[in-house]
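The values are calculated or read from the model by the stated rules, or taken from the named source; none is laboratory data. Keep in mind that this is a model prediction, so the values were computed, not measured. With ideal geometry, Cβ positions are generated from the backbone for all residues, glycine too; neighbour counts draw on all protein chains shown. Ligands, DNA and RNA are stripped out before the accessible areas are found, and what is left, the full protein with its side chains, is counted by its heavy atoms. Shrake-Rupley method; radii C 1.70, N 1.55, O 1.52, S 1.80 Å.
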Amino acid sequence: MKTLVRLAACFSLLIPAFAQTPARERMVIVISLDGFPAFALDDPKLPVPTLRQLIKDGTATRMTGVNPTVTWPNHTAMVTGVRSDETGLLANGTIVRTGGWPPVKVEPMLDKEQMVHVPTVYDAAHQAGLTTAQVDWVAVNKAPGITWNFNEWATADGPLEQEMIRKGVLTSADLENFTKSNILFRDQTWTTAATYLIREHKPNLLLVHFLSLDSVHHTYGPGSLAAASAIAFLDGCVARIVDAVRASGMTDRTTFLVVSDHGFRKYTKQVNPGVALAAAGLGEQVFVLPEGGSAYVYFDSAKAAELGPVVKKALENVEGLDRIVGPDGFAAMGLPQPDRDPQMYQLLLTARDGYSFIGATGGPVTSATLQQAGSHGYPASDPAMDPVFIASGYGVRPGARLGRIQNIDVASTIAELLGVALPNAKGKPVPIR
Ligand SMILES: [Zn+2]
């Protein structure tokens with residue numbers, strides 16, 4: 001009997017800690033650094049001591065994102081485990097038909113239940129009786145699967161905001177015109193919200209999204225001193241979250257996943273396809289919605305056979321245009337067919353390296369910018385668009401070799417960490433253990 005007890009004790013040491021602490025006593029914290037390119041970590045002098053420590057204690061790799069390499073589609077892919085042909089996200093909001101001109105507009109304020117077409121990992125966690133929280137996550141308006149919300153558009157009358165004001169963590173002045181506050185202040189406020197949630201509520205799943213690096217990359221381009229400053233600033237935000245976990249005594253039962261949604265490219269020239277189309281007499285029939293490194297071309301699908309070749313001809317010699325992709329190329333890019341999703345366009349344009357699309361009225365077709373700037377939206381197969389994946393803490397084996405992963409694998413990884421099922425997901429759990 002004694003031997004048996006000893007044997008059992010021995011085996012319990014061999015069982016990974018992973019299985020030992022029930023999910024409802026654990027935290028999975030997903031921190032998204034918007035626009036953090038995987039290639040940034042190749043620079044050994046990148047000022048990121050906190051991220052380096054998380055990697056040293058855990059593991060990191062490059063991901064392949066989904067098309068379009070835009071914020072909301074990729075954040076939604078990471079919580080659903082499917083690509084944009086299934087999530088319903090093709091822009092930073094739902095693309096709605098206006099019935100007039102322009103024929104489409106992007107609507108970010110629809111409810112999550114209308115916007116996201118498949119179950120999410122936070123829905124699965126919520127249904128399993130776990131608690132969930134989001135800070136500045138996207139496509140989460142009125143999401144029933146989220147216990148605590150601190151929104152991108154935080155206001156002093158939100159329930160969590162009121163609670164934080166009552167406890168002296170925030171003031172109502174902090175939240176006055178919050179969406180118009182500078183992005184560094186907002187990222188700091190979102191960090192305060194994340195640390196508050198960790199301290200006071202210990203949600204089993206916490207999704208946090210920081211925006212400042214994306215803004216800086218758009219204005220100054222990746223690789224600039226401004227970008228390095230924003231990255232150092234974000235490293236400090238992550239450090240505050242790690243410290244909050246430590247202070248709450250949850251370090252040995254918390255998993256950190258630090259991710260991004262897309263990379264970035266610098267550009268010095270802008271392409272305005274609408275001007276080329278107007279010059280060809282197509283200005284009132286064809287509409288272009290620019291998305292940085294790609295552009296969506298809309299025209300009446302009933303006239304596709306007639307208009308398609310004319311549009312292609314009008315664009316074929318435009319400087320900076322790389323590819324014109326028709327519906328026959330959409331499936332391979334993980335995009336839906338125009339007849340399946342009313343958000344879809346008839347043609348997709350992609351830009352060459354060094355170029356980005358704009359949709360201004362008038363001006364030249366292709367023009368130089370005053371200074372270097374940055375864009376994303378280039379095809380997900382472009383390594384510069386690769387997002388980063390860092391896993392550290394509970395259930396993560398230090399030095400685990402991951403190889404390249406897909407960002408749709410993130411949802412299944414979260415589901416596995418929390419012990420919940422996400423049957424619709426097409427990604428697979430990342431082998432972090
Ligand atoms: Zn983004």
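Looking at segment 279-433, the accessible area is 44 square angstrom per residue; that uses a 1.4 Å probe and ignores ligands, DNA and RNA.
Within segment 19-43, name every residue whose backbone N is under 20 Å away from a label modeled 7 Å from Cα of Ile183 along the Cβ vector. Within reach of a label on Ile183, which here means backbone N under 20 Å from a point 7 Å along Cα→Cβ, segment 19-43 contributes 31-41. Checking the Cα-Cα distances for Lys112/Lys428; Lys45/Lys269; Lys112/Lys312; Lys266/Lys313 against a 32 Å cut-off, the pairs over it are Lys112/Lys312. The residues packed around Arg352, meaning those with a beta-carbon under 14 Å from its beta-carbon, carry a net charge of -1 if Lys and Arg are +1 and Asp and Glu are -1. Measure nothing fancy, just the Cα-based angle from helix 225-247's long axis to the longest principal axis of the chain, in degrees from 0 to 90, nearest 10. So the inclination is approximately 30 degrees.
Taking the Cα centre of the chain as reference, the dipole from Cβ charges on Lys and Arg (+1) and Asp and Glu (-1) amounts to some 1400 debye. Fully extending the segment from Asp252 to Glu163 would add 29.3 nm, taking 0.36 nm per residue of separation and subtracting the current Cα-Cα distance. Reported value for segment 276-384: 105 Å³ per residue, from the convex hull of its C-alpha atoms. Helix 2-14 and the long axis of the chain differ in direction by around 20°, with both axes built from C-alpha atoms.
Gly58 sits among other residues whose Cβ lies under 13 Å from its own Cβ, and their net charge, with Lys and Arg +1 and Asp and Glu -1, is +4. Net length available on complete extension from Arg323 to Leu110 is 73.5 nm, with 0.36 nm assigned per residue and the Cα-Cα distance removed. Tell me the net charge near Val365. Cut-off is 12 Å between Cβ atoms, Val365 excluded, with +1 for each Lys or Arg and -1 for each Asp or Glu. With Lys, Arg at +1 and Asp, Glu at -1, the net is 0. Largest first, the three principal axis extents of the alpha carbons in the chain are 88, 49, 42 Å in whole numbers.
Once you place label points 7 Å from the Cα toward the Cβ at Thr219 and Glu176, how far apart are they in nm? Distance between the two pseudo-spin positions: 2.3 nm. Only Lys, Arg, Asp and Glu carry charge here, each on its Cβ (+1 for the first two, -1 for the last two); on that basis segment 101-164 has a dipole of about 200 debye about its Cα centre.
Name the residue from Pro338, Ala276, Phe299 whose Cα lies farthest towards the positive end of the charge dipole of segment 266-375, charges +1 on Cβ of Lys and Arg and -1 on Cβ of Asp and Glu. Looking along the dipole axis, the top candidate is Ala276.
Each Cα pair under 8 Å and six or more residues apart adds its separation to the average, and for segment 266-375 the resulting relative contact order is 48 percent.
Measuring with a 1.4 angstrom probe and ignoring ligands and nucleic acids, Ile165 comes out at about 50 Å² accessible. Ligands, DNA and RNA left out, the accessible area of segment 266-375 computed with a 1.4 Å probe is 51% carbon and sulfur. Helix 304-315 against the longest principal axis of the chain: what's the angle in degrees, Cα atoms only, rounded to the nearest 10? Helix 304-315 sits roughly 90 degrees off the main axis of the chain. One decimal place: the segment Ala226-Arg24 gains 68.6 nm when fully extended, by the rule 0.36 nm per residue minus the C-alpha distance. The packing ranking of peptides 415-423, 313-321, 396-404, 260-268, highest mean first, is 260-268, 415-423, 313-321, 396-404, where packing means the average number of other beta carbon atoms within 10 angstrom of each residue. In the chain, the calculated helix contribution to ellipticity at 222 nm averages -9000 deg cm²/dmol per residue, counting -39,500 (n - 2.57) for every DSSP H run with n ≥ 4.
The listed peptides 350-359, 133-142, 191-200, ordered by packing as a protection proxy, come out as 133-142, 191-200, 350-359 (highest mean of other Cβ atoms within 10 Å first). Descending by average beta-carbon neighbour count within 10 Å, the peptides 170-180, 145-155, 208-218 line up as 208-218, 145-155, 170-180, the highest first.
Centroid-to-centroid, using Cα positions, segment 288-339 and segment 181-234 are 35 Å apart.
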